[in-house]
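Accompanying notes for the structure given below.
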Amino acid sequence: MGRRQSALEALVGGMAGRFSFEPAALDGLCVVTRQRRGDARGFLSRLFEPEALREAGWPGPIAQINETATALKGTVRGMHFQRPPFAEAKLVSCTRGRIFDVALDLRAGSPTFLRWHGVELSDENGRSLLIPPGFAHGFQALSDDVRMIYLHSAPYTPEAEGGCDACDPAFGIEWPLAVENRSDRDRNFAPIDAGFEGLRP
């Protein structure tokens with residue numbers, strides 16, 4: 001875990017700018033809650049603040065910001081990752097509707113190798129999931145008309161793209177709803193075999 005994890009633990013239960021932080025069950029994974037400032041007219045919440053999020057594990061500048069829309073409840077997207085040396089951290093936020101967001105540890109030598117963790121993100125709870133490099137990511141829509149914002153620490157690199165089957169029994173991800181509306185690409189990711197050694201930096 002080292003110095004970065006110790007710094008994160010020091011922030012738990014406290015505030016850093018407009019965020020609070022909670023370490024998740026997998027080493028390096030962090031749930032970030034955005035603190036809202038508002039009144040009867042509405043609210044403002046900050047999506048990114050470099051110094052605060054660096055303490056929680058964000059590795060550097062933002063290389064890309066992407067928005068996605070998912071129309072139907074039950075849809076599963078993922079599990080996606082980029083291979084080193086193009087591995088990326090992601091800060092995933094749900095700005096409309098509700099999702100079950102999942103990170104899967106693919107880091108070679110990690111104490112939580114091939115384990116997954118899921119957390120509900122929604123426009124109401126103001127949570128984001130900060131996912132370190134070396135993890136695969138996916139989600140299930142828990143409502144119709146979902147919107148999400150992704151912050152990426154590295155640009156999309158097609159030749160480095162990889163994925164895992166979200167329904168692979170080797171992981172045993174417990175999706176809250178029946179899995180529906182997967183893309184052909186996501187359904188056809190090869191299962192993990194016993195020879196898979198993980199992603200190395």
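Screening Thr33 on (1) exposed (fewer than 15 other Cβ atoms within 10 Å of the Cβ); (2) modelled with pLDDT of 90 or more; (3) of a type in the set (Val, Ile, Thr) shows it passes everything except condition (1).
Pairs under 8 Å by beta carbon, first residue on the phi > 0 side of the Ramachandran plot in segment 77-88, partner assigned to a strand (DSSP E or B), six or more apart or different chains? Short answer, once both residue conditions are applied: Gly78/Val102; Gly78/Ala136; Gly78/His137; Gly78/Gly138; Gly78/Phe139; Gly78/Gly163. The sole residue among Arg107, Arg115 that is of a type in the set (Lys, Arg), out of contact with any Gly (no Cβ under 9 Å at 6 or more places or on another chain) and either in the same structural domain as Leu29 (by TED's automatic domain parsing) or touching a residue at least 40 places away in the same chain (Cβ under 8 Å) (or both) is Arg115.
If the condition is being of a type in the set (A, V, I, L, M, F, W, C), in contact with a Pro (Cβ under 8 Å, 6 or more places away or on another chain) and outside any strand (DSSP E or B), then segment 28-63 contributes Leu29, Trp58, Ala63. Touching a Cys at 6+ places or on another chain (Cβ under 9 Å) and at pLDDT below 95: is that true of Pro23 in this structure? It is true that Pro23 is touching a Cys at 6+ places or on another chain (Cβ under 9 Å) and at pLDDT below 95. Annotation note: Cβ proximity below 9 Å between a residue of segment 60-73 that is over 16 Å from Thr95 (Cβ atoms) and a residue that is in a strand (DSSP E or B) and of a type in the set (S, T, N, Q) (sequence gap 6+ or interchain) occurs for Lys73/Gln140.
Residues that are among the small types (Gly, Ala, Ser) and farther than 9 Å from Arg83 by Cβ within segment 156-173 comprise Gly163, Ala166, Ala170, Gly172, listed in sequence order.
The values are calculated or read from the model by the stated rules, or taken from the named source; none is laboratory data. Note that the structure is a prediction, hence the values are computed from the model and not measured. Using ideal geometry, Cβ is built from the backbone for each residue, glycine included, and neighbour counts are taken over all protein chains shown.
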